[in-house]
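Input: a single structure, listed below in structure tokens.
The values are calculated or read from the model by the stated rules, or taken from the named source; none is laboratory data. Here the structure is a predicted model, which means the values were calculated and not measured. All Cβ positions, glycine included, derive from the backbone under ideal geometry; neighbour counts span all protein chains shown.
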């Protein structure tokens, strides 16, 4: 009986030791996993802070384009206004923006090896300072056509209304707006308003076909709708100084539209943590009003 009791106590002691060992391993493993999760959480927080900080800094770099994006109760749509002065050839367009961006790149990449910039996403030999409206895909950009800076708007999706307000501070537009290639239709309302150096104003409003080309000329400035794509609008100033305002609207959707630079201006590379963020910096924060309340 004593022998059986001794065997029982031996096995009991053995199982007790094994239980303690198992619990110790479990606790050590849990602590190790908790520490790993905590490190990952902190690293992801760092990614978020870096991305948000970069967006804000890039938004503050002046590109000489004035933006306004807001909700309009009268049209029940988001109104977009983009205004800028076009008075340089393509080589000189946006040089101040490029210089400031390069300074930012040099400063950031020297201190943060995880961040890599690709400035060609917004500034290259063919295109400069493209602006994208999300989620609609509307693109406002500047193309190189024979050394001239040609302003182009790509709707991407159907837009029922586009307006251009132009000021020609050094040009007398003579006989006013000339509709040189005419393809009227019921696809889109196109409005063109021009003021010349004498303060004279001419305005044109017409429903035009979205599947055909329509061309307008005023004071040596050419406006072409529908040549590059349906509803695409090109503004070729032909060396004239032009103060241009593009106005259009986007219908109500579940997502509030925002203005952004294209994806890929910079990348946050944290591959050891499984994070590889190809970023689209937002240009500015918008205020949207619904029934006198802010959202």
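Please work out if residue 279 is free of Cβ contacts under 8 Å to residues at least 40 places away in the same chain and either surrounded by fewer than 16 Cβ atoms within 10 Å (Cβ to Cβ) or under 27 Å from the mean Cα position of the chain (by Cα) (or both). Spell out how you get there, then give the answer.
Details: free of Cβ contacts under 8 Å to residues at least 40 places away in the same chain: no; either surrounded by fewer than 16 Cβ atoms within 10 Å (Cβ to Cβ) or under 27 Å from the mean Cα position of the chain (by Cα) (or both): yes.
Answer is no for this residue.
Which numbered condition trips up residue 104, out of (1) over 30 Å from residue 159 (Cβ atoms); (2) modelled with pLDDT under 95; (3) surrounded by fewer than 17 Cβ atoms within 10 Å (Cβ to Cβ)?
If we test residue 104 against (1) over 30 Å from residue 159 (Cβ atoms); (2) modelled with pLDDT under 95; (3) surrounded by fewer than 17 Cβ atoms within 10 Å (Cβ to Cβ), just (3) comes out false.
So how many residues does segment 86-101 have that are in contact with a helix residue (DSSP H, G or I) (Cβ under 8 Å, 6 or more places away or on another chain) and surrounded by 18 or more Cβ atoms within 10 Å (Cβ to Cβ)?
1
Looking at 263, 245, 258, which is the one that is within 30 Å of residue 164 (Cβ to Cβ), at pLDDT 95 or above and touching a strand residue (DSSP E or B) at 6+ places or on another chain (Cβ under 9 Å)? Spell out the reasoning first.
Working: 263 fails: at pLDDT 95 or above; 258 fails: at pLDDT 95 or above.
Within the list 263, 245, 258, the selection yields 245.
Looking at 50, 54 in this structure, which one is in contact (Cβ under 8 Å) with a residue 40 or more places away in the chain, under 16 Å from the mean Cα position of the chain (by Cα) and part of a helix (DSSP H, G or I)?
54
Considering only residues of segment 107-131 that are crowded, with 17+ Cβ neighbours inside 10 Å and more than 17 Å from residue 268 (Cα to Cα), which is nearest to the chain's Cα centre (by Cα)?
The extreme case among them is 131.
Which residue, of 110, 86, 129, is at pLDDT below 95 and assigned by TED's automatic domain parsing to the domain that holds residue 245?
Just one listed residue meets the conditions, 110.
Looking at segment 250-261, can you tell me whether even one residue there is in a loop (DSSP other than H, G, I, E, B), assigned by TED's automatic domain parsing to the domain that holds residue 87, in contact with a helix residue (DSSP H, G or I) (Cβ under 8 Å, 6 or more places away or on another chain) and crowded, with 16+ Cβ neighbours inside 10 Å?
Checking segment 250-261: at least one residue is in a loop (DSSP other than H, G, I, E, B), assigned by TED's automatic domain parsing to the domain that holds residue 87, in contact with a helix residue (DSSP H, G or I) (Cβ under 8 Å, 6 or more places away or on another chain) and crowded, with 16+ Cβ neighbours inside 10 Å.
Considering only residues that are assigned to a loop (DSSP other than H, G, I, E, B) and without any contact (Cβ under 8 Å) to a residue 60 or more places away in the chain, which ones fall in segment 135-159?
The answer is 137, 146, 147, 156, 157.
In segment 220-255, which residues are farther than 19 Å from residue 189 by Cβ and either free of Cβ contacts under 8 Å to residues at least 40 places away in the same chain or more than 22 Å from the chain's Cα centre (by Cα) (or both)?
220, 221, 222, 236, 237, 238, 239, 240, 241, 242, 243, 254
Let me confirm something: among 74, 68, which residue is over 21 Å from residue 243 (Cα atoms) and either modelled with pLDDT under 95 or not in a strand (DSSP E or B) (or both)? Give the derivation first.
On the way: 68 fails: over 21 Å from residue 243 (Cα atoms).
One residue alone meets the criteria, 74.
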